[in-house]
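A short write-up of the structure that comes next.
The values are calculated or read from the model by the stated rules, or taken from the named source; none is laboratory data. Every value quoted in this text rests on a predicted model; they were computed, and no experiment measured them. Every residue, glycine among them, receives a Cβ derived from its backbone with ideal geometry; neighbour counts consider all protein chains shown.
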Amino acid sequence: MNKLYLSKTKYCRAIQCPKMLWMDNFKPEEAEQTTPDEIFETGTKVGELAKRIFGKYTDIEYNNDKKQMIIQTEEALKNKPNIITEASFSYNHNFCSVDILKNDEEGVEIYEVKSSNHLKNIYIEDASYQYYVLTNLGFNVKKVCIVHLNGEYVRNGELELDKLFVIEDITDTASNKYEEIEKNIKDINTYMNKNNSNKEPDDKIGMQCFKPYVCQYWSHCTKHLPEKNIFKVKGLSKKKKLEFYNQGKYSFEDIQNEKINPKYKEQIDFEINNLKDKIEVEKIREYMNTLSIPIYFLDFETIKQAIPEYDGIYPYMQTPFQFSLHYIEDEKGEVKHKEYLAEPGVDSRRQIAERLVQDIPMNVCVVAYNMGFEKRVLRELAEQFPDLREHLLNIRDNMKDLMKPFMQRLYYTKAMEGFYTIKYVLPALFPDNPELDYHNLEDVHNGGEAPEIFLSLPSKSKEEQEKLKNALLEYCKLDTYGLVKIWEKLREIIGGQ
Ligand code: SF4
């Protein structure tokens, strides 16, 4: 049997699904949704910072030739007691680099660094694999720990590494997993030997396609399914969908007579029977009566910093860098617009908070889409700036959610495909309106691209920066302009306009 070269990543991918490793090796071009650079950078930044937790360290530089890393590690290990980062080892073709290794006369301690703010099972698998490799090489592994960010740490002054990171001791679990890991490695090798490059394995899709990570080969492994398939039924649990799948029921038609929540069934009925739009006028009227003029339509764009750059920020807190505001002050109905975009690389929270209280009067109706997000941003700004607190909380407390009628399916069309997010609702209500089509925007088309582009600004030329800033403004503006149009449409339906 040919021995497979495994690494921490390969091992973890293979235990999620061995076919994933096969695809990585022989059909990587079929992978979708690669990790955005921003997320990769986050991991790198957190890793670099964590290396300083125990003070001075010797870093083993990355080298494509892993043997060089192992040789350097052997040298570094002689200078005990010391801390080595990226210490690299290989046992029986199983390679690993330990993020942080504490090394002394009695043995070693393994510290695996993760940029998340909580412990996940897959991290334990990762660290246990390292325990397996080092133990087999004859090291006395005294401790195995996961180092991750502390979601409760709020920066106040200089970064305090001992508070920013949490160290969780998983030594007992890692050592108890020794035999399981040995078996897993054997099984992975058998699987890869059985399925050579010419023979794609026919593993069935299952829960492993979603946990712990959504697999990038999903489209490839489900290409036998019809376009409108059970996995596109919004709201239905993965477990239920897989149950149908395993019974050979793939299409909407296959499950139209099954017992499922009527709310999810609606999407299927609309699709199969090409039903006309559902509009519950009286209930929409009730909802619209909760809104009033003057009315302000608000939308934020935010970034999440894994490592808090400024005071008052905790890891992964959503901090705003932009807002768009459309508003109508009186019954004449003139729609006006204001907006704000921060300069990149500065703490703009104070400026945003000041602009919000300047641009939105107290006690007016404020509308957002999926308002929980906007409310949280306002609350956190209010906590940060006590002098603006009353006004910011007033804006928050007067907020209404324009998503509600769509979430409650008071208005539903086939084109919404079971969704109620604005990116589905807007084109469903205005199918032929190019000014409301996010596809017609330049550079920024969705909420995921906005922070990515904002964070990339400092690395761009002046000219490019201007172009991208403009794209950010246009994107956010469309979000609130879309709200105005939806509101107008609902008014029209209840005969208010
Ligand atoms: S989609 Fe599912 S079956 Fe296919 S490789 Fe990924 S996890 Fe495995």
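When region 402-436 is examined, which residues are found to be within 24 Å of the chain's Cα centre (by Cα), aliphatic (A, V, I, L, M) and in a helix (DSSP H, G or I)? M407, M416, I422, V425, L426, listed by residue number.
Scanning region 179-216 for residues that are closer than 28 Å to K142 by Cβ, of a type outside the set (D, E) and surrounded by fewer than 14 Cβ atoms within 10 Å (Cβ to Cβ) yields K183, K186, P212.
Among the residues of region 344-359, which ones are within 30 Å of the chain's Cα centre (by Cα) and either surrounded by 13 or more Cβ atoms within 10 Å (Cβ to Cβ) or assigned to a helix (DSSP H, G or I) (or both)? Within region 344-359, P344, D347, S348, R349, R350, Q351, I352, A353, E354, R355, L356 meet the criteria.
For I181, only one of the following conditions fails: (1) more than 15 Å from the ligand (Cβ to nearest atom); (2) touching a helix residue (DSSP H, G or I) at 6+ places or on another chain (Cβ under 6 Å); (3) over 28 Å from S116 (Cβ atoms). What is its number? It fails just one condition, (3).
The rows are residues; the columns are (1) in contact (Cβ under 8 Å) with a residue 12 or more places away in the chain; (2) at positive phi; (3) within 16 Å of the ligand (Cβ to nearest atom); (4) not assigned by TED's automatic domain parsing to the domain that holds K120.
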| position | (1), (2), (3), (4) |
| --- | --- |
| I15 | yes, no, yes, no |
| K19 | yes, no, yes, no |
| D24 | yes, no, yes, no |
| K27 | yes, no, yes, no |
| E32 | yes, no, yes, no |
| K45 | yes, no, no, no |
| I60 | yes, no, no, no |
| E75 | no, no, no, no |
| Y91 | yes, no, no, no |
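Residue check: is E492 acidic (D, E) and in a helix (DSSP H, G or I)? Write out each step before concluding.
On the way: acidic (D, E): yes; in a helix (DSSP H, G or I): yes.
Taking the combined requirement at face value, the residue satisfies it.
One line per residue, one yes/no per condition, for (1) surrounded by 17 or more Cβ atoms within 10 Å (Cβ to Cβ); (2) modelled with pLDDT of 95 or more; (3) part of a helix (DSSP H, G or I):
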residue: V444; (1), (2), (3): yes, no, no
residue: G447; (1), (2), (3): yes, no, no
residue: E463; (1), (2), (3): no, no, yes
residue: Y481; (1), (2), (3): yes, yes, yes
residue: V484; (1), (2), (3): yes, yes, yes
residue: W487; (1), (2), (3): yes, yes, yes
residue: G496; (1), (2), (3): no, no, no
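Filtering region 220-236 to residues that are within 14 Å of the ligand (Cβ to nearest atom) and touching a residue at least 40 places away in the same chain (Cβ under 8 Å) leaves H220, C221. Restricting attention to region 335-364, the residues being more than 30 Å from V154 (Cα to Cα) and modelled with pLDDT under 95 number 0.
Pairing each residue of region 191-219 that is near the ligand (Cβ under 9 Å from one of its atoms) with any residue that is part of a loop (DSSP other than H, G, I, E, B) and among the basic types (K, R), provided the two are 6+ apart or on different chains, yields C-beta distances under 9 Å for Y217/K27. Summed over region 383-401, residues that are touching a helix residue (DSSP H, G or I) at 6+ places or on another chain (Cβ under 7 Å), closer than 30 Å to E286 by Cβ, in a helix (DSSP H, G or I) and among the charged types (D, E, K, R) total 1.
Being crowded, with 18+ Cβ neighbours inside 10 Å and away from the ligand (no atom under 16 Å from the Cβ) holds for only one residue in K56, K102, and it is K102.
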